Structures are given as C-alpha cells and as structure tokens.
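The values are calculated or read from the model by the stated rules, or taken from the named source; none is laboratory data. All values derive from a computational prediction rather than experimental measurement. With ideal geometry, Cβ positions are generated from the backbone for all residues, glycine too; neighbour counts draw on all protein chains shown. For accessibility, only protein heavy atoms count, side chains too; no ligands or nucleic acids. Shrake-Rupley method; radii C 1.70, N 1.55, O 1.52, S 1.80 Å.
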Amino acid sequence: MSFCLDFANKEDTKLLNNIISVSHFDFKAKINLILVVGPMGSGKTEYAAKIYKDSLVVRKKSFKVLGNVIKGNRSRVNVFFIRNFLDKRRFQDYPENVIPYRGGGKDKIDEIGFASSSFDIENLIASNPSCGTFIIDEACFYDERLIFVLNKISLNENILFILPTLLYNFRKESFNDTAKLLVEYSDKIYKLGAYCGHIDCMEESFFSYRYYFYNNKEIPAPYFDPLLIVGGDEEIESAIYPNYATRCSMHHYLVGKEYFFSFLKPFALLYSQGDKKFLENEIVELSTDVENSNFVNSLNSEKMCEFRAEILRNIVELPFLAERALITLFSEYSILSKENFKDLVFKFSLNKDYINKIFFSKEGKEFF
C-alpha cells in the first residue's frame, strides 16, 4: 500500500512539473510600457482584449489588494482601449464599441476611443482620469512624438501602456521610426508568432506578406509599393488594394529591393539635381514597356528556386508600376518634390485615379 502511494505521488509530481501555467495579467508589475509585437493573425489584439477582460474581474477586488495599483485617481485595473481611426474604414460593418479581429470575432468594450495622432491619444488620457492602463492598438501607426509623450506620462502618473503593433512592414523592415523608438523605450516586449499562411506550410512566421490577387494570380507587392495602404481582412481581387498574409521566410516573396536602391532611387536623386533623363526613361518603361525596364532586367538576373521564380514573374502583370514607384519616391523618401511628382504624372499621362485612391487610403483625401 505504501509503495502504491509513493508511486502515485511521484507520478503526480511528474505531471505537475509538466504543466505550463498561463497566468492572468499582473497589474501589480512595476513596469510602464509593454510592447506586444507580431505579424497579422498572431493574436496581438486578442492578447490585449484578454488584459481588458482580466481587468473586469480584478477591479471588483478590495482596496486591500488594489491599493498598490492606484496612484491619485488612476487605477491600473481601469483599462481604456484606444483604436486607430484607420479601423473605421477597415471595419465599417462593426460598431465602434467593439474590438474586431481578423478572424471575424469581436469583443465589446465600454471604455474605448479612437485616435489618429499622438495629440488625440494625449487628450484621451487626460479625458479619462480614473484609468491607469491604456491599450493603444497599432501603436506604430502614430507619429514618433507618441513614445516621448507616453514615457513622460507613465513616469509622472504611474500609468501602464500596452502597445500591440506590427514591428515590420511587408518589406521585412522596421515599420518606421516610431517602431524603432517603441523597441528602445519599452520595459518588456512580447513577441507573438503565427502559422505561415501558405497552403503548403505550417512553419512559424513573424513576417507580414503583401500581395495582389489579380487575373486569378498571386502577385507579390514590389518593394517600391506605397507603404501604407489599407487592405481588407478577406482576400479580394484587385490591382489597387492589396491582401495581407503571414508568411515564413521561404514563402514571403519580395522583389525589387536591389532594383530600388540600385536604379530607382539613384535615378530620382539625379532627377532632383536636374539630370532628368534616367528617371524619365525608367518611368516610360515601367508604364508602357515593362519587359525592357531595369526592374525586369534586375529580376531576371536574380538567382532563385523555380517555385519562387514562377510567383515573382507574375509581377510584370501588375498595373501601375510607374505610379507606385513615383508615390514612394515622393511621399516616403521625399526625393521628388510635389511639383516634380505632378510634372511626371502629367508628362507621361499616368493614372490619376489610381494615385487618388492610394492617397485617400493613406491620408483620407485625394491628391488630384
């Protein structure tokens, strides 16, 4: 009998040692900025929503246990969720007091607001004086000032900021300067992964892949595709609005990075200095004779495995390559002035309707 009990205890101990605890959120932790990063579909927003749900339970506790999470009027168990204004266009069919997810689910949240800049966020913090935790979704979509505002407020008022966001763009590069500063100033970083979205792959992925579904083909976005374009959460067939997926390194197709830095950007710099022929010739070829462009020549010179080559060759069927290139050179790199940009668009009869749609997606207003 003693042997049986001893054996059972050993088995129970072994079982307990193999159990991994998934804890509720610790509002008592002495930290101020938590960064939650990962590609789309990795569960960043769901993670933030779980913190809000935990707060609904914890805020019912007595002052005896909540005293150390309260400073002045602010309690860290009072959580306020800030959504980006882009969500109003992205999730038009959802009410504003919910958090919608890419998979189609949603959670209702009472303490919620929208912001488009660091100034909006600052006002929301001031307007909710009892809240001591603020979740700021898609944090890297805001201006760099946000990080310094949050850092100062968190230190002065003991506010906790939880910042779910993409860290890398579809180019596999840091999303922007805001993303770099978020990493630098955060006290803790949680990195979430997701399954690769390719139908024949189950590897873990940390990259966001942008592609167009056009002419019944998957077409990877070129490196010089305008950076901020709002895409849907269901696959659409369009040459203007992209689709997004999570992909591993093998299935994240990207073309044109070498071309951009070897040809397109240097040509634009020469154009801004008065030597216009190189960029103008390239724009003509991108818009009317892409097979003879430096872009396609650069693609042909790359060594790649056969299945990648087949997908990447689809790029020649994507319309508006010249327009995409000029928008990036103008709005992201500021190499071309507004006058330069307009001159090239009119001189080569580029598609103003496409340009207007991209700028409306990016800024909420048309360019022409």
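Below, the figures for the structure above:
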| item | result |
| --- | --- |
| Too-long pairs where the Cα-Cα distance tops 24 Å, listed order kept, from LYS44/LYS64; LYS108/LYS188; LYS108/LYS365; LYS44/LYS188; LYS172/LYS277 | LYS44/LYS64; LYS108/LYS188; LYS108/LYS365; LYS172/LYS277 |
| Nearby aspartates and glutamates by direct alpha-carbon distance to LYS30 (threshold 12 angstrom, same-chain neighbours under 8 apart not counted) | ASP187 |
| Solvent-accessible area, 1.4 Å probe, carbon plus sulfur percent, for the range 41-84 | 58 percent |
| Residue-normalised accessible area of the chain, given per residue in Å² at a 1.4 Å probe | 50 Å² |
| Cβ charges +1 (Lys, Arg) and -1 (Asp, Glu), total dipole of the chain, debye | 1440 debye |
| Out-of-range pairs (alpha-carbon distance over 32 Å; input LYS191/LYS257; LYS257/LYS342; LYS180/LYS338; LYS50/LYS357; LYS152/LYS338) | LYS50/LYS357; LYS152/LYS338 |
| Computed [θ] at 222 nm, deg cm²/dmol, the chain (DSSP H ≥ 4; -39,500 (n - 2.57); rounded to nearest 500) | -11000 deg cm²/dmol |
| Within the accessible area of the range 261-368 (1.4 Å probe), percent carbon and sulfur | 49 percent |
| Heavy-atom accessible surface of the range 143-260: percent carbon and sulfur, 1.4 Å | 50 percent |
| Contact order relative to length of the chain, as percent, for alpha carbon pairs under 8 angstrom and 6 or more apart | 15 percent |
| Rounded to the nearest 10 Å², the accessible area of LEU299 at probe 1.4 Å | 10 Å² |
| Inter-probe distance in nm under a simple model that places probes 7 Å from Cα toward Cβ, at GLU173 and ILE70 | 4.9 nm |
| Among [x] 95, 49, 32; [y] 85, 57, 36; [z] 77, 46, 33, the entry that matches Cα extents along the principal axes in Å as calculated here | [y] |
| Whole-angstrom gap from the range 308-368 to the range 235-307, using each part's C-alpha centre | 12 Å |
